[in-house]
1. Residue by residue through the range 32-46, note down the ones that are over 20 Å from Met207 (Cα atoms), at pLDDT below 90 and not aromatic (Phe, Trp, Tyr).
2. Between Thr104, Thr159, which is surrounded by fewer than 17 Cβ atoms within 10 Å (Cβ to Cβ), at pLDDT 95 or above and assigned by TED's automatic domain parsing to the domain that holds Gly69?
3. Are any residues in the range 108-154 within 13 Å of Tyr224 (Cβ to Cβ), among the hydroxyl-bearing types (Ser, Thr, Tyr) and surrounded by 17 or more Cβ atoms within 10 Å (Cβ to Cβ), and if so, which ones?
4. Just to be sure I understand the filter: pairs with C-beta atoms under 7 Å, separated by 6 or more residues or on different chains, first member in the range 248-261 and closer than 16 Å to Leu234 by Cβ, second member acidic (Asp, Glu) and at pLDDT 90 or above. Which pairs pass?
5. Confirm whether Thr165 is among the β-branched types (Val, Ile, Thr), under 18 Å from the mean Cα position of the chain (by Cα) and at pLDDT 95 or above.
6. Test Met189 against the stated conditions and say whether it is in the same structural domain as Leu228 (by TED's automatic domain parsing) and within 18 Å of Ile91 (Cα to Cα).
7. I'd like the full set of residues that are part of a loop (DSSP other than H, G, I, E, B) and among the charged types (D, E, K, R), limited to the range 246-255.
8. Quick check: is even one residue across the range 276-293 in contact with a strand residue (DSSP E or B) (Cβ under 6 Å, 6 or more places away or on another chain), under 21 Å from Thr325 (Cα atoms) and either in the same structural domain as Asp208 (by TED's automatic domain parsing) or of a type outside the set (D, E, K, R) (or both)?
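The values are calculated or read from the model by the stated rules, or taken from the named source; none is laboratory data. Remember, it's a predicted structure, so these values are computed and weren't measured experimentally. As a convention, Cβ positions derive from the backbone with ideal geometry for all residues, glycine included, and neighbour counts pool all protein chains shown.
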Amino acid sequence: MIKKTFSNWFFFSFMLLTTACQAEKESTMPDKPLEISLNMTAKELYDANPEYKAFQEGDAQPMGVTFQGYDFSTSNMGKAIFHYSDDSFKIDQVVTILAMDKVTSEQRGLNKITVDFFFDKTDNGISDEDAYKKMMAFFKELQDKGWTYAHSNSAPRLTAKDSFTFATTDEGSELYLDYSYPLTFKEWMQLNDLQLWRLRYGTEIYMDIRINRQTDPSTGNRHYLISLDVYDELEKIQTNLDSEDRIRWQDTYPETYPEIVSWRLENETSAINMGLRIQQNQPDYTLPLILKETGIDTSKSVSIDPYKITYEEFIKRSEADEDMTPYYENQTKANKPEITSQARGRCLAGQP
């Protein structure tokens, strides 16, 4: 029911976007693609693309935030090149580029940028098979450029193939589909119409790719709106925290960190119930900013053994104050984040 409601809401937003874009006054589209990169300021974004001034947007909102970016009509869609580190990728049929910026800090870098684009060039839409081919080609390009699946400490440790089963089963979640898994067209059609993939480039840049696959009820045409959320490590860290804790994340992340392994256990309990095999030797990776500021090395996260205890039983026994140490993998002492000498001496949140 929740998925159905969300899908209907997303389709409504999809139609509003299309209608709003079509209502805009047409402007001449520059030949030069719009150039963007993460952590440039809003001023740098606009200064780098003076040819696109007619498409420029700055929508002020409450709470001292302005949404910066560009809007294009569906009959006059733009092109963009996203630069990162020593490489880039190009996006066609762009309809919006959106970044959030603090009004009080004009020099603050844009640490999250959203790009929305269509796979189809006209209102006639695109076939599911052609959309599948375009996405697989995009994934191949990203793999060749060094982008990898951004599994987190809460993600179930599965093979790429099993991640597809987990993403397409009701008891699983579409949040953990490994984009390196080579989908067949039949499998493509089994995906959630709002399927999400999470990628990373090293540990400096992260990208969520979401499809919005819909059928226009008035024409029967199929449309694929693709959203790219590109963000930095700080934004990645803060997504695990409540909104009120994000500013002081150095203090609050150590409080949240021990809970993350239980989130993984919940996912892995579901995976085992599906008959999937947990890859307990699958490594995690270090988030350098967390290591620097808190001393926690996320690559050394100690998971709860899903073959020793289920999520429900773990929570029940934990709430009864039972010592849960024996249920952690390869663990003989209490599960605590390893603190480096650099961060030793820092008072963590809630501690003297």
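1. Going through the range 32-46, the residues over 20 Å from Met207 (Cα atoms) turn out to be 32-33, 43-44, 46.
Those left that are additionally at pLDDT below 90: 43-44, 46.
Those that are over 20 Å from Met207 (Cα atoms), at pLDDT below 90 and not aromatic (Phe, Trp, Tyr): Lys43, Glu44.
2. On the way: Thr104 fails: at pLDDT 95 or above.
When all the criteria are applied, what remains is Thr159.
3. Tyr132
4. Once the first residue is closer than 16 Å to Leu234 by Cβ and sits in the range 248-261, its partners that are acidic (Asp, Glu) and at pLDDT 90 or above give Gln250/Glu293.
5. Values: among the β-branched types (Val, Ile, Thr): yes; under 18 Å from the mean Cα position of the chain (by Cα): no; at pLDDT 95 or above: yes.
Judged against the criteria, Thr165 is not a match.
6. Values: in the same structural domain as Leu228 (by TED's automatic domain parsing): yes; within 18 Å of Ile91 (Cα to Cα): no.
It is false that Met189 is in the same structural domain as Leu228 (by TED's automatic domain parsing) and within 18 Å of Ile91 (Cα to Cα).
7. The first filter runs over the range 246-255 and keeps only residues part of a loop (DSSP other than H, G, I, E, B), leaving 246-248.
Of everything in the range 246-255, those that are part of a loop (DSSP other than H, G, I, E, B) and among the charged types (D, E, K, R) turn out to be Arg246, Arg248.
8. Taking the range 276-293 and keeping what is in contact with a strand residue (DSSP E or B) (Cβ under 6 Å, 6 or more places away or on another chain), we get 290.
Next cut, under 21 Å from Thr325 (Cα atoms) only: none.
No, every residue in the range 276-293 fails to be in contact with a strand residue (DSSP E or B) (Cβ under 6 Å, 6 or more places away or on another chain), under 21 Å from Thr325 (Cα atoms) and either in the same structural domain as Asp208 (by TED's automatic domain parsing) or of a type outside the set (D, E, K, R) (or both).
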